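Reviewing the structure listed below.
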Amino acid sequence: MSISKILVPVTGSKRDDVALRTAFAAARPFNAHVAALFVHPDARETIPYVGVPLSPQVIQDLVDSADEIARAASKAARATLAVAADEANVPILGSPERRDGVTVSYAEKSGLFLNRLEEAAILSDLIVFPPIGHGDNPDVHDGFTRILTKSGRPVLLSPEKAPSAIGRKVALGWDGGMVAAHALTAALPYLGKAKEVHVLCVRRAQQPHADVEAVKTYLALHGVIARTDVVEGGTRAVSELLLEHALKGGYDLLVMGGYGHSRMLEAMIGGVTQHIASQPGLPVFMMH
């Protein structure tokens, strides 16, 4: 198992830089190709519904304005990619191609952001997003949620500062559930190359403990020797405990399941996934 193609949606924002640099670091263990995707929105979709007919000239002005904004965003995304690739010594290719090193390409598609992103994710091994903060481009937030919950593909959340390397010391959040198991199996390419793998299990009073030995046995069958770290839960959120332990332990990758509860329940209780999405601190590999 390997990682050969990593998809990065870019929007022309400042956060493109950290997502691209994180993707380059994630690609290095496998000499993978990084595919940057910019979606040029259909200008007709930007015309607001105001309840009364708009004149042809007003409609054209709105379309022209939307096109101008998209062209400026595309130019910014290309410039960010050029700088990040140059500083990382990653060649920019005209199209995806396998070489003896990390490569990157840039493509533009027209249409709805979520639709084009889903289409590109179908034939990608990993999708990298910047940290998802309040006030950011809503397309990126919605894209992260859609890809994580609907695509069947793993996502990698970038930290605020791009790492120099990913996957040398890996923390695996484990609760014994199917969502965590999906994350584990999707992350096997990284786990297999890691120098250290630690299974993190949050222990709470009056709750059954996850079978950590079973997961260690499973990993051993894949040639991965893992250690166990039991984190005392108390009353704090699991997400805080996982992040705190991973950061203090010097891990460069945290693997965990995403959206283990229903989306409505997560929205009400402030679930693990959303907390980590907005405050990753280190690269977080997630799978639903």
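The values are calculated or read from the model by the stated rules, or taken from the named source; none is laboratory data. Quantities reported herein were computed from a predicted structural model and do not represent experimental measurements. In this analysis, Cβ positions are derived from the backbone assuming ideal geometry, glycine residues included, and neighbour counts consider all displayed protein chains. These accessible areas exclude ligands, DNA and RNA; they are computed on the full protein's heavy atoms, side chains included. Shrake-Rupley method; radii C 1.70, N 1.55, O 1.52, S 1.80 Å.
Quick one: D16 ticks every box in (1) closer than 18 Å to L126 by Cβ; (2) charged (D, E, K, R); (3) modelled with pLDDT under 95 bar one, so which box is it?
So the condition that D16 fails would be (3).
Which is modelled with pLDDT of 85 or more and under 20 Å from S158 (Cβ atoms), of L254, L242, L200?
Values: L242 fails: modelled with pLDDT of 85 or more; L200 fails: under 20 Å from S158 (Cβ atoms).
Exactly one of L254, L242, L200 is modelled with pLDDT of 85 or more and under 20 Å from S158 (Cβ atoms), namely L254.
Assess whether D125 counts as being touching a Lys or Arg at 6+ places or on another chain (Cβ under 6 Å), in contact (Cβ under 8 Å) with a residue 40 or more places away in the chain and of a type in the set (D, E). Before you say what the answer is, go through the steps one by one.
Numbers: touching a Lys or Arg at 6+ places or on another chain (Cβ under 6 Å): yes; in contact (Cβ under 8 Å) with a residue 40 or more places away in the chain: yes; of a type in the set (D, E): yes.
Taking the combined requirement at face value, the residue satisfies it.
Please specify each residue of segment 88-100 satisfying the condition of being in contact (Cβ under 8 Å) with a residue 24 or more places away in the chain, open to solvent by 70 Å² or more (accessible area, probe 1.4 Å) and either farther than 13 Å from A32 by Cα or among the acidic types (D, E) (or both).
The answer is E97, D100.
Could you run through segment 46-95 and say how many residues are part of a helix (DSSP H, G or I), modelled with pLDDT of 80 or more and of a type in the set (G, A, S)? Talk me through it step by step, then tell me what you get.
Filtering segment 46-95 for residues part of a helix (DSSP H, G or I) gives 46, 56-87.
After this cut, where a residue has to be modelled with pLDDT of 80 or more as well, the list is 68-87.
Filter again for of a type in the set (G, A, S), leaving 70, 72-74, 76-77, 79, 82, 84-85.
Count: 10.
With respect to the numbered conditions (1) open to solvent by 10 Å² or more (accessible area, probe 1.4 Å); (2) in a strand (DSSP E or B); (3) not polar (S, T, N, Q), which one is the sole condition not fulfilled by D17?
Looking at each condition in turn, D17 falls short on (2).
Could you pull out every one of the helices (runs of 4 or more DSSP H) wholly within segment 114-197 that has 2 or more residues that are surrounded by 19 or more Cβ atoms within 10 Å (Cβ to Cβ) and in contact with a helix residue (DSSP H, G or I) (Cβ under 8 Å, 6 or more places away or on another chain)?
Numbers: elements: 138-150, 178-186, 188-193.
Once the helices (runs of 4 or more DSSP H) in segment 114-197 are filtered for at least 2 residues that are surrounded by 19 or more Cβ atoms within 10 Å (Cβ to Cβ) and in contact with a helix residue (DSSP H, G or I) (Cβ under 8 Å, 6 or more places away or on another chain), what remains is 138-150, 188-193.
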